[in-house]
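J.: Just dropping this structure here.
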Amino acid sequence: QVQLVESGGGLVQAGGSLRLSCVYSGSRFSLAAMDWYRQAPGKQRELVAGISRAGSTNYADSVKGRFTISRDNAKNTVYLQMNSLKPEDTAVYSCHAKIPLLVDSWGQGTQVTVSS
């Protein structure tokens, strides 16, 4: 079983920055595609950013140019660097790991609140 634990959320003013971390507890982290999702009150969960096992990345249009996803396979950790934060970024951010036929796991989420 894979366990994911997020950290780094908090309260920040508009224009500020946060870095989220997600630690993957199981084996075969290097084979996992890793994603960050977020869900704001009254809204559906949306994909914010993803990174493949090979390191290719993708982002929601709303965060392109502001957020950066990265991974450190030596630490079994994926990061989300969030810059130029806006109140619209306020949400619970959750980490997701997937390996086809083997892993489909979610973290507990970490709250990000951006004040105006």
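J.: Taking the inverse of the average 1/r across all pairs of different Cα atoms in the range 52-116, what Kirkwood radius in Å do you get? List each step's numbers first, then the result.
T.: Working: mean 1/r = 0.0740 Å⁻¹.
Mean inverse Cα-Cα distance, inverted, gives 13.5 Å.
J.: Please give the contour-minus-distance gain from T68 to Q3: 0.36 nm per residue of separation, less the Cα-Cα distance, rounded to one decimal in nm.
T.: The span from T68 to Q3 would gain 21.1 nm if fully extended.
J.: Here's something else I'd like to know. Working only with C-alpha atoms, what are the Rg and Dmax values of the range 1-47, expressed in angstrom?
T.: My reading of the Cα-based Rg and Dmax gives 13.6, 38 Å.
J.: In the range 1-59, carbon and sulfur make up what percent of the accessible area (probe 1.4 Å)?
T.: So the carbon and sulfur contribution to the accessible surface is 45 percent.
J.: Among DSSP beta bridges lying fully in the chain, give the percent that are antiparallel, nearest 5.
T.: Percent antiparallel among DSSP bridges in the chain is about 90.
J.: Heavy-atom accessible area per residue, the chain, 1.4 Å probe: how many Å²?
T.: Here the residues of the chain average 53 Å² of exposed surface.
J.: Once you mark the trypsin sites (Lys or Arg not before Pro) that are in a DSSP loop and have at most 16 other Cβ atoms within 10 Å, what is the longest gap between them in the chain?
T.: Working: sites that count: R28, K43, R45, R53, K64, R66, K75.
Formally, the longest exposed-site-free interval is 76-116.
J.: Another question, if that's okay. Kirkwood-based Rg over Rh for the chain (C-alpha set), two decimals?
T.: Details: Rg = 13.5 Å, Rh = 14.1 Å.
Ratio of gyration radius to Kirkwood radius for the chain: 0.96.
J.: Right, next: What percent does the relative contact order of the chain come to when contacts are Cα pairs within less than 8 Å and at least six residues apart?
T.: This gives 36 percent for the chain.
J.: I'd like the chymotrypsin sites (Phe, Trp or Tyr not before Pro) in the range 1-78 restricted to DSSP loop residues with at most 12 other Cβ atoms within 10 Å, sorted by number.
T.: Within the range 1-78, no chymotrypsin sites (Phe, Trp or Tyr not before Pro) qualify (loop, at most 12 other Cβ atoms within 10 Å).
The values are calculated or read from the model by the stated rules, or taken from the named source; none is laboratory data. As the structure is a computational prediction, the values presented were derived from the model and not from experiment. Counting neighbours? That spans all protein chains shown, and the Cβs are built from the backbone with ideal geometry, glycine included. These area figures cover heavy atoms from the full protein model, side chains too; ligands, DNA and RNA do not enter into them. Shrake-Rupley method; radii C 1.70, N 1.55, O 1.52, S 1.80 Å.
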